[in-house]
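As structure tokens, the structure follows; a few thoughts come after it.
FYI, it's all coordinate maths here, none of it is from the lab. As the structure is a computational prediction, the values presented were derived from the model and not from experiment. Neighbour counts run over all protein chains shown; Cβ positions are idealised from the backbone, glycine included.
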Amino acid sequence: MIEAQELTKRYGDKTVVDRLSFSLKPGTVTGFLGPNGAGKSTTMRMIVGLDTPTSGSVTVNGMRYARLPAPLHEVGALIDAKAVHPGRTARAHLRILAATHGISGKRVDEVLRLVGLEGVADKRAGKFSLGMGQRLGIAAALLGNPAVVILDEPVNGLDPEGVLWVRHLLQRLAREGRTVLVSSHLMSEMAVTAERLVVIGRGRLLADSSMDEFVRSAGGKGVKVVTDDVDRLRVLLDVSGVSVTAGSGAGQLLVEGLGSRDIGRVAAAHDIALVELTPRGVSLEEAFMELTRDSAEYVTAGTEEVML
Ligand code: ADP
């Protein structure tokens, strides 16, 4: 369980996280989304006590991170995969962390195996690729078998097999009853990994909902219908609660308030041939772009990056 209440962080006169409130429940993977500079990392850093809120609070299992007696057992976090002494081997890095909590060497070997690093466990972390570094960071996060797992961009630098592995791992952790918070800029990946979403822009909460609700509320409604008998179908569908508008092409209608199955039945009952019957879907990426359009700190204009 992670609970943020009016969580705020200011750097000088810039408010980076702005009265953010959310509550993340066990058993769910929550995707944490926002344009670059939205305040995601700062929020995650405050959850694990690396930054202090200017005001408001955030608790893990009802307690501020700093007050947790054995934090590795409560919350595991991957915030910066590079935060490893480059001269230490993967195994040594994990053993040092383990020693702070009386965690056994057996558990170190277990997490090395879990993340697929057992073959390079005695190699120096400084020589690791970005993807191997991410795996080591995930191993460290899971070391204490925590009920809350927070991962900032865990699939950065991973190959497709690694990306799939992270997806399945996160879903398994949630099924085991853990609270999982994960940020990623890969929308397509988030769409198939997370069940809930917290979206922020310029430090403010823009959405806190299930993935389905989020995409639906972005306008993923209506059915595109194409037929040669557009006038007749239009009259037949013109009933209360259903809106029928002309689509962009010839013979096209956009129908809202009636599902594709019902539209198909009406057409069939009146011998109207349908050329196309397509529920209009909106991808997570489109929904995200729509919601955050006004809150992106940097937007691309042509080939230039311009600060808004
Ligand atoms: P995100 O993870 O969503 O990309 P961050 O939390 O990293 O966003 O950053 C949010 C904003 O806070 C950015 O504008 C960033 O420049 C600023 N910021 C982050 N850390 C500091 C800091 N230590 N001092 C000043 N500004 C900071």
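Here are the numbers:
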{"quantity": "Long pairs among 82/127; 25/106; 9/82; 82/123; 25/82, criterion Cα-Cα beyond 20 Å", "calculated": "25/106; 9/82; 25/82"}
{"quantity": "Net lengthening on full extension, residue 293/residue 54 (0.36 nm per residue, minus Cα-Cα)", "calculated": "83.3 nm"}
{"quantity": "Ranked by how many other beta carbons lie within 10 Å on average, peptides 180-190, 256-266 from highest", "calculated": "180-190, 256-266"}
{"quantity": "Highest-MSF residue in the chain out of 149, 166, 242 [GNM, Cα springs under 10 Å]", "calculated": "242"}
{"quantity": "Computed lengthening from residue 273 to residue 114, 0.36 nm per intervening residue step minus Cα-Cα distance", "calculated": "51.8 nm"}
{"quantity": "Cα-projected label distance for residue 283 with residue 96, points at 7 Å along beta-carbon direction, nm", "calculated": "4.2 nm"}
{"quantity": "The chain: calculated mean residue ellipticity at 222 nm from DSSP helix runs of at least 4, using -39500 (n - 2.57)", "calculated": "-9500 deg cm²/dmol"}
{"quantity": "Per-pair calculated FRET efficiency, R0 = 25 Å: residue 209 and residue 254 via Cβ, rounded to 0.05", "calculated": "0.50"}
{"quantity": "Selection of trypsin sites (Lys or Arg not before Pro), region 1-87, meeting DSSP coil and at most 16 other Cβ within 10 Å", "calculated": "64, 82"}
{"quantity": "Choice from 191, 174, 250 with maximal GNM fluctuation in the chain (Cα, 10 Å cutoff)", "calculated": "250"}
{"quantity": "Gyration tensor (alpha-carbon) shape descriptor, region 223-279, a/c threshold 1.5", "calculated": "rounded"}
{"quantity": "Projected label distance in nm at residue 195 and residue 5, using a 7 Å step from Cα toward the beta-carbon", "calculated": "2.6 nm"}
{"quantity": "The chain shape via C-alpha gyration tensor axes, a/c threshold 1.5", "calculated": "prolate"}
{"quantity": "Relative contact order (%) - region 80-139, alpha-carbon pairs under 8 angstrom, separation at least six", "calculated": "49 percent"}
{"quantity": "For the chain: relative contact order, % (alpha-carbon pairs under 8 angstrom, 6 or more apart)", "calculated": "20 percent"}
{"quantity": "Contour minus Cα-Cα distance for residue 156 and residue 107 (0.36 nm per residue)", "calculated": "15.1 nm"}
{"quantity": "Other-chain or far-sequence residues with amide H under 5 Å of residue 178's (modelled H)", "calculated": "27"}
{"quantity": "Virtual spin-label span in nm between residue 246 and residue 229, 7 Å along Cα→Cβ", "calculated": "2.1 nm"}
{"quantity": "Whole-Å distance, taken between Cα centres, linking region 224-300 and region 28-80", "calculated": "42 Å"}
{"quantity": "Highest average packing first - 114-125, 22-33, Cβ atoms within 10 Å", "calculated": "22-33, 114-125"}
{"quantity": "Derived scalar couplings ³J(HN,Hα) [region 233-245; Karplus, 6.51 cos²θ - 1.76 cosθ + 1.60; whole Hz; x for Gly, Pro]", "calculated": "5, 4, 5, 5, 8, 7, 10, 4, x, 10, 10, 10, 10"}
{"quantity": "Crossing angle, helix 105-114 versus the chain [Cα axis fit, 0-90 degrees, rounded to tens]", "calculated": "30 degrees"}
